[in-house]
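Here is the structure we will look at, set down as structure tokens.
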Amino acid sequence: MSAKRYDKELGIKTTGLREWSGQRHYNRYEATPYEALETLFKSYKIKKHHRVVDFGCGRGRVALFIHRHFQVPVLGIEAHDKTYSEALENKRSHRLKNKRIPASIWLKYGLAEHYEIKRQDNCFYFFNPFSSNVFAKVIKNIVSSVKRVPRTVDLILYYPLPEYKEIVRQYPFRKINKIRVPGAQDGYEKFIIYRLKEEDVESAGI
């Protein structure tokens, strides 16, 4: 199914790219391919207790895909004002088409490193939305939240860059899965899923 047809099924518009000139730390808008999401969720299942946070959510494709298919609360954070406005419109149209789903959808405008991780947040999605410096701050915020409110959290990294993986390795996350996208020509075109358990934080003394 083409991206446009998939968008139509979800009641949203998320295709295309958007460059962000003059911005050092935040990358261009590019949505995760639907084919990749289908591959991911054949192996990794979102559970009913999950609340998913998509950092650099763009126009909302991943958050709304998860909301439709798993009917769990989702939260997207976007720092580009025009892209954020488009995400709000996609949320509105998605809601009209999926009224039966009671789970909440939140979209927040702002910088990812300024988002205060909530106690309910336990699954975090990244598709290289920003520099490794910003990623390091976000991961530190996640770990600090787990220290304050002990729980198990998962990270989902799509197209994981070496510098992202190096930052994750500074903490006691465990790699629980690596999922390659079928037919991918690029070695980076895969998902890596990491898990951090409360007991790992305690034993590491961080």
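The values are calculated or read from the model by the stated rules, or taken from the named source; none is laboratory data. As the structure is a computational prediction, the values presented were derived from the model and not from experiment. Positions of Cβ are generated from backbone atoms using ideal geometry, with glycine treated the same way; all protein chains shown enter the neighbour counts.
Restrict the check to segment 158-175 and report whether at least one residue is surrounded by 13 or more Cβ atoms within 10 Å (Cβ to Cβ), out of contact with any helix residue (DSSP H, G or I) (no Cβ under 7 Å at 6 or more places or on another chain) and assigned to a strand (DSSP E or B). Yes, segment 158-175 contains a residue that is surrounded by 13 or more Cβ atoms within 10 Å (Cβ to Cβ), out of contact with any helix residue (DSSP H, G or I) (no Cβ under 7 Å at 6 or more places or on another chain) and assigned to a strand (DSSP E or B).
Taking segment 40-78 as the region of interest, how many residues are in a helix (DSSP H, G or I), surrounded by fewer than 19 Cβ atoms within 10 Å (Cβ to Cβ) and either among the β-branched types (Val, Ile, Thr) or touching a strand residue (DSSP E or B) at 6+ places or on another chain (Cβ under 7 Å) (or both)? Lay out the reasoning, then the answer.
Initially, segment 40-78 is screened for residues in a helix (DSSP H, G or I), giving 40-43, 61-70.
Next cut, surrounded by fewer than 19 Cβ atoms within 10 Å (Cβ to Cβ) only: 41-43, 68-70.
From the residues that got through so far, the ones that are either among the β-branched types (Val, Ile, Thr) or touching a strand residue (DSSP E or B) at 6+ places or on another chain (Cβ under 7 Å) (or both) too are 43.
Total meeting the criteria: 1.
Of the candidates 158, 115, 125, the single residue that is touching an Asp or Glu at 6+ places or on another chain (Cβ under 7 Å), closer than 26 Å to residue 86 by Cα and not β-branched (Val, Ile, Thr) is 125. For the residues 149, 181, 143, the requirement of being among the β-branched types (Val, Ile, Thr) and within 25 Å of residue 33 (Cβ to Cβ) singles out 181. Among the residues of segment 81-121, the ones that are of a type in the set (Lys, Arg) and assigned to a loop (DSSP other than H, G, I, E, B) come to 4 in all. Residue 145 passes every criterion in (1) exposed (fewer than 14 other Cβ atoms within 10 Å of the Cβ); (2) polar (S, T, N, Q); (3) within 28 Å of residue 201 (Cα to Cα) apart from (1). Can you find a residue that is modelled with pLDDT of 90 or more, polar (S, T, N, Q), within 22 Å of residue 191 (Cβ to Cβ) and assigned to a helix (DSSP H, G or I) anywhere in segment 20-33? There is no residue in segment 20-33 that is modelled with pLDDT of 90 or more, polar (S, T, N, Q), within 22 Å of residue 191 (Cβ to Cβ) and assigned to a helix (DSSP H, G or I). Of the residues making up segment 135-153, at least one is in a strand (DSSP E or B), in contact with a Leu (Cβ under 8 Å, 6 or more places away or on another chain) and closer than 17 Å to residue 115 by Cα.
Taking the stated definitions as given, is residue 164 within 21 Å of the chain's Cα centre (by Cα), under 18 Å from residue 38 (Cα atoms) and in contact (Cβ under 8 Å) with a residue 12 or more places away in the chain?
Working: within 21 Å of the chain's Cα centre (by Cα): yes; under 18 Å from residue 38 (Cα atoms): no; in contact (Cβ under 8 Å) with a residue 12 or more places away in the chain: yes.
Judged against the criteria, residue 164 is not a match.
Specify the residue that is surrounded by the fewest Cβ atoms within 10 Å (Cβ to Cβ); the eligible residues are those in segment 113-129 that are within 13 Å of the chain's Cα centre (by Cα) and not aromatic (Phe, Trp, Tyr). Taking the candidates together, the pick is 128.
If you check residue 132 against the conditions, is it of a type in the set (S, T, N, Q), surrounded by fewer than 19 Cβ atoms within 10 Å (Cβ to Cβ) and farther than 22 Å from residue 73 by Cβ?
Numbers: of a type in the set (S, T, N, Q): yes; surrounded by fewer than 19 Cβ atoms within 10 Å (Cβ to Cβ): yes; farther than 22 Å from residue 73 by Cβ: yes.
Spelling it out, residue 132 is indeed of a type in the set (S, T, N, Q), surrounded by fewer than 19 Cβ atoms within 10 Å (Cβ to Cβ) and farther than 22 Å from residue 73 by Cβ.
Report, by residue number, each residue of segment 79-112 that is more than 24 Å from residue 137 (Cα to Cα), surrounded by fewer than 20 Cβ atoms within 10 Å (Cβ to Cβ) and basic (Lys, Arg). 82, 92, 95, 97, 99, 100, listed by residue number. Among the residues of segment 176-206, which ones are surrounded by 14 or more Cβ atoms within 10 Å (Cβ to Cβ) and within 20 Å of the chain's Cα centre (by Cα)? Hits for segment 176-206 are 177, 179, 181, 189, 190, 191, 192, 193, 194, 195, 196, 197.
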